[in-house]
1. Give the separation of the Cα centroids, the range 82-113 to the range 282-302, in Å.
2. What is the list of residues in the range 205-239 whose amide nitrogen lies under 16 Å from a point 7 angstrom out from the Cα of residue 142, following Cα to Cβ?
3. Order the peptides 41-53, 218-230 from the highest to the lowest mean number of other Cβ atoms within 10 Å of their residues.
4. For residue 298 and residue 21, what is the calculated FRET efficiency with R₀ set at 51 Å and r taken between the beta-carbons, to the nearest 0.05?
5. May I ask you to derive the relative contact order of the range 202-302, considering only C-alpha pairs under 8 Å and at least 6 residues apart, and to give it as an integer percent?
6. Between residue 67 and residue 47, with labels modelled 7 Å along Cα→Cβ, what's the label distance in nm to one decimal, could you check?
7. Could you give P(r) for the range 66-155, binned at 10 Å from zero, as whole percent values over all Cα-Cα pairs?
8. Take the Cα atoms of the range 182-228, find their three principal axes, and give me the spread along each one in whole Å, biggest first.
């Protein structure tokens, strides 16, 4: 009997052992992946809140210099509030690219396409997946048959003009004056927010259907004062509530409301500069009280 070891034998996994190892790996991935996703979303939500905080600080700096908030948009299809606060968003070079006496369509390409990272929520848009430029929709609203598309930088936030709808070309939807903190074409003073700045929306996360990023007038440039649906939204709008919730509850909704891609909440900057998450299930009556600067109503818990 030979005592010489059999050197030709090799240690290896059997098929069953390999399957067991793979099953364990898949189980661990199933356990840890949701946790990783939750951590990532928590970080994204903090970044989004910081963006809104920075916007709130910029709005207050603008108010300090001009004794009023910026208008929702300037007259004659010019710039929006998002352009007017660029100098307070550490974007002075981009601000200098803008000629505020010209319409959005007359601006240079460098001005229209200047992206601001703080205008994007990381939970919503991945620069490697979705466009950050408007692909369509930025066409002059004068009905010219040969109208040209003027691409511009997008954004995920909108000013709240109250409950009365968008101020397209008149004072407000169906001629109603916007009753929120923002007004067209002249901004309001913080002292005109009679319900209290801590009880009134300034800016929030606007809802954009995930299939419409950069497409059409619902997601045109944040700088485009011709289509301010892209830079301004109403909240607690009872006409919209006939068809939709007060806040968008999924990425697939089509309503031009406020809404986020954070699970269960939409974040807003208030008149005092604070940033708070609002549950998407918040009753539309409460949203209307938070959007209206002068309704005199007591706001219930939300």
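Please treat every number below as a calculation from the coordinates, not as lab data. The structure displayed is predicted, hence computed values, not measured ones. Note that we place each Cβ from the backbone using ideal geometry, even for glycine, and neighbour counts take in every protein chain shown.
1. Taking the Cα centre of each part, the range 82-113 and the range 282-302 sit 34 Å apart.
2. Only 225-227 pass the distance filter.
3. Final packing ranking: 218-230, 41-53.
4. 0.25
5. Relative CO of the range 202-302 lands at 28 percent.
6. Using points 7 Å along Cα→Cβ, the separation is 4.1 nm.
7. 15, 46, 32, 7, 0
8. 39, 22, 10
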